[in-house]
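Only one structure is covered here, and it is reproduced in the block below.
The values are calculated or read from the model by the stated rules, or taken from the named source; none is laboratory data. This is a predicted model, so every value here is computed, not measured. All Cβ positions, even for glycine, are placed from backbone atoms using ideal geometry, and neighbour counts span all protein chains on display.
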Amino acid sequence: MPETIERVPIKLKVNGKSRAVSVEPRTLLVELLREGLDLTGTHVGCDTTYCGACTVLMNGAAVKSCTIFAVQADGAEIVTVEGFLRLAMRLLHAGSAALHLPTALVKQAAE
């Protein structure tokens, strides 16, 4: 009989939306984002943490989501590439200069 792995409830805010999910303790954050929340902009590119395709902001700091378990993100605020896109569009529509877009994105994501 296969071993049953108990799921752990976690709450996090992803791209400004509060989410409550249950995950296996071994679930990586990148897996939760892609498979559990259908945010497929975050990728697993190299399986070694070098490429950065899985990078997201967690509580304002850039982290590689392929190295973090989803349970470690319990209570965290996550911004994915989809969240950056929404922020960029808002800033552009608000008249922010393209030159200042990267700085404005980081400031907005940290709020």
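A few comments on the model shown:
- Residue list for the stretch 13-22, filter: under 16 Å from LEU39 (Cα atoms) and touching a residue at least 12 places away in the same chain (Cβ under 8 Å): LYS13, VAL14, ASN15, GLY16, ARG19, VAL21
- Taken over the stretch 24-74, the criterion of being part of a strand (DSSP E or B) and either surrounded by 15 or more Cβ atoms within 10 Å (Cβ to Cβ) or modelled with pLDDT of 95 or more (or both) is satisfied by LEU28, THR55, VAL56, LEU57, MET58, VAL63, LYS64, PHE69.
- The set of residues in the stretch 33-70 that are among the small types (Gly, Ala, Ser) and free of Cβ contacts under 8 Å to residues at least 12 places away in the same chain comprises GLY45, ALA53, ALA61, ALA62.
- Sub-8 Å Cβ pairs linking a first residue in the stretch 1-12 that is surrounded by 10 or more Cβ atoms within 10 Å (Cβ to Cβ) to a second residue that is polar (S, T, N, Q), at least 6 apart or interchain, are ARG7/SER22; VAL8/SER22; PRO9/SER22; ILE10/SER22; LYS11/SER18; LEU12/SER18, ordered by first then second residue.
- Count of residues meeting criterion [in a loop (DSSP other than H, G, I, E, B) and not β-branched (Val, Ile, Thr)] in the stretch 1-23: 7
- Identity of the residue in the stretch 75-108, assigned to a loop (DSSP other than H, G, I, E, B) and either more than 12 Å from the chain's Cα centre (by Cα) or of a type in the set (Asp, Glu) (or both), that ends up modelled with the highest pLDDT: GLY75
- Hits in the stretch 77-92 - residues which are buried (at least 18 other Cβ atoms within 10 Å of the Cβ) and small (Gly, Ala, Ser): GLY83
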